[in-house]
1. When you go through B:T108, B:T82, B:T45 one by one, which is the residue that is among the β-branched types (V, I, T), surrounded by fewer than 18 Cβ atoms within 10 Å (Cβ to Cβ) and more than 10 Å from every other protein chain (Cβ to nearest Cβ)?
2. Taking A:R126 and the conditions (1) away from DNA strand D (no atom under 12 Å from the Cβ); (2) within 14 Å of another protein chain (Cβ to nearest Cβ); (3) modelled with pLDDT of 95 or more, which numbered condition does it fall short on, given that it satisfies the others?
3. Tell me which residues, restricted to region B:188-231, are outside any loop (DSSP other than H, G, I, E, B), polar (S, T, N, Q) and near DNA strand D (Cβ under 10 Å from one of its atoms).
4. Mind listing whichever residues of region A:174-183 are surrounded by fewer than 13 Cβ atoms within 10 Å (Cβ to Cβ) and part of a helix (DSSP H, G or I)?
5. Specify which of the listed residues (A:A98, A:A113, A:A117) is within 9 Å of another protein chain (Cβ to nearest Cβ), hydrophobic (A, V, I, L, M, F, W, C) and outside any helix (DSSP H, G or I).
6. Return the only residue of A:L40, A:L57, A:L69, A:L53 being in contact with a strand residue (DSSP E or B) (Cβ under 9 Å, 6 or more places away or on another chain) and part of a loop (DSSP other than H, G, I, E, B).
7. What's the number of the condition A:V150 fails, among (1) more than 26 Å from A:D75 (Cα to Cα); (2) modelled with pLDDT under 95; (3) surrounded by 14 or more Cβ atoms within 10 Å (Cβ to Cβ)?
There are 2 protein chains.
Amino acid sequence: MSEGRLLLVEDEPALARGLSDTLRAQGFDVHIAADGQRGLDMAATVKPDLILLDIMLPKVNGFDVCRTLRGQGIDVPIVMLTAKGQEEDVILGLNLGADDYITKPFRTGELIARAKALLRRRGTDRAVQRFGDCEIDMAARRVLRNGAPVDLTAREFALLAYFASRPGRALARDTILNAVWGAAVFVTPRSIDRCVATLRSKVEPDAHNPIYIQTIREIGYRFEPTGSIPS
Amino acid sequence: MSEGRLLLVEDEPALARGLSDTLRAQGFDVHIAADGQRGLDMAATVKPDLILLDIMLPKVNGFDVCRTLRGQGIDVPIVMLTAKGQEEDVILGLNLGADDYITKPFRTGELIARAKALLRRRGTDRAVQRFGDCEIDMAARRVLRNGAPVDLTAREFALLAYFASRPGRALARDTILNAVWGAAVFVTPRSIDRCVATLRSKVEPDAHNPIYIQTIREIGYRFEPTGSIPS
DNA sequence: TCGAACGGTAACAATTCCGTAACACCCCAC
DNA sequence: GTGGGGTGTTACGGAATTGTTACCGTTCGA
């Protein structure tokens, strides 16, 4: 599951490590650059949805990184992240084209909320879930397989989204019916089987030997994003 | 020459006065609302480019104002401005759709820089949008196709502009109705279909096989500026 | 080993949904 | 008033979806 790609430009290893762990736990796909020059390079190669930028960096400082990126027309949201809390630094950073400026020591929850606010405004706040060679894009209501769109019907998408929301858990047919078809609907439980079959034919490498959507005899199904069987 | 229209929602007269003087000196066109209800009204009538929103307000508090505005699909940047600096308040505010959150006592220079950063974003985000052989000129409220103006009705332009503001996202009919027709209007969702049909005939290479305005059965539509799938 | 139960899936039918043409209403300019 | 453009509603036809049924292979227990 990915909330988006972040580029963290930070030279202090301990801080970079701690922060990236927290952000990854939040579902972000985090890349780290240890100095300003690498930050510039990775901004071009990684194409992040958001940059977290320390100011005091070896080689090229954060202000210069920001100025350079904007000069190149790179428009990605930038959050400056620094111990320098002087008003003139904040103003300078924002005037150079940064979108937000947070002073250390900052509260991680706030940092995440600010990052998400920027992604939301930019419209890149998508949560993408991956399994195998597929990714489910809830915002676009679409599934891509190796980058190509998979033609799913509404029911199939709803079922897959439900599976993805409950990975690794045994799901009884009744439970699935209630969640995906709705409580008020009278449908044969066999309708689920049919829908699962078409889903498998569209997202499984081998529909006859499913690895993601596994059958639990007498119960229902279990979705395994990793394709492996847990102990 | 105005830097933009600001709506300051603040109940304490002294602070409102002082702040608005400073902002006016910076070239902003400042309107003041003394409570939350008036803030909501003025947001609709004044149509500000940015809202500075105090949290602790009589009648309707700032969080509710923010929630209500976003619920109405009003997308104006909001800066929350408050003495409540608790992390959970900051996170709540940002999650409700605020764009920034500054705690009192704040430094005026920083506030102005943050406001300008948000306005700058808005300015650069919405110049001219391109898709296929068309370009949408928001300022001129006009669409060119291969350089020639396309004759769109007001409704069609509003719909296309809305699509362009949310590229690649699934848009439910209800959402579209709220955003383009307005929350208070009673119209059949089928009216959207009809408007989409005419739009397609005007901007799609082949209206019967649309590539930009895609149908999502049972849901609504999705606008893909690239006409294909992003990598 | 046999039979019953269960799930996979193909075929079919009914339903739902969308595109679009036709029509009606409203507003405004003249 | 009158005409014309814009906009919402309705209806029809085609197409996609989806539930059901049936048949078959597999699994499991006696």
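The values are calculated or read from the model by the stated rules, or taken from the named source; none is laboratory data. All figures in this text were calculated on a predicted structure; none of them were measured in a lab. Heads up, the Cβs are rebuilt from the backbone with ideal geometry, glycines too, and the neighbour counts pull from every protein chain shown.
1. On the way: B:T108 fails: more than 10 Å from every other protein chain (Cβ to nearest Cβ); B:T82 fails: surrounded by fewer than 18 Cβ atoms within 10 Å (Cβ to Cβ).
Criteria check complete, one pass: B:T45.
2. Against the list (1) away from DNA strand D (no atom under 12 Å from the Cβ); (2) within 14 Å of another protein chain (Cβ to nearest Cβ); (3) modelled with pLDDT of 95 or more, A:R126 comes up short only on (3).
3. As a first pass, look at region B:188-231 and keep what is outside any loop (DSSP other than H, G, I, E, B): B:190-203, B:213-216, B:220-223.
Checking which are polar (S, T, N, Q) leaves us with B:191, B:198, B:201, B:214-215.
Hits for region B:188-231 are B:S191, B:T198, B:T215.
4. So in region A:174-183, the residues surrounded by fewer than 13 Cβ atoms within 10 Å (Cβ to Cβ) come out as A:174, A:182-183.
Within region A:174-183, just A:D174 meets the criteria.
5. On the way: A:A113 fails: outside any helix (DSSP H, G or I); A:A117 fails: outside any helix (DSSP H, G or I).
Just one listed residue meets the conditions, A:A98.
6. On the way: A:L40 fails: part of a loop (DSSP other than H, G, I, E, B); A:L69 fails: part of a loop (DSSP other than H, G, I, E, B); A:L53 fails: part of a loop (DSSP other than H, G, I, E, B).
Checking each option against the conditions leaves just A:L57.
7. Tallying (1) more than 26 Å from A:D75 (Cα to Cα); (2) modelled with pLDDT under 95; (3) surrounded by 14 or more Cβ atoms within 10 Å (Cβ to Cβ), A:V150 fails exactly one: (2).
Conditions (1) surrounded by 20 or more Cβ atoms within 10 Å (Cβ to Cβ); (2) of a type in the set (A, V, I, L, M); (3) part of a loop (DSSP other than H, G, I, E, B), marked per residue:
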{"position": "B:L7", "(1), (2), (3)": "yes, yes, no"}
{"position": "B:A16", "(1), (2), (3)": "no, yes, no"}
{"position": "B:T22", "(1), (2), (3)": "no, no, no"}
{"position": "B:G73", "(1), (2), (3)": "no, no, yes"}
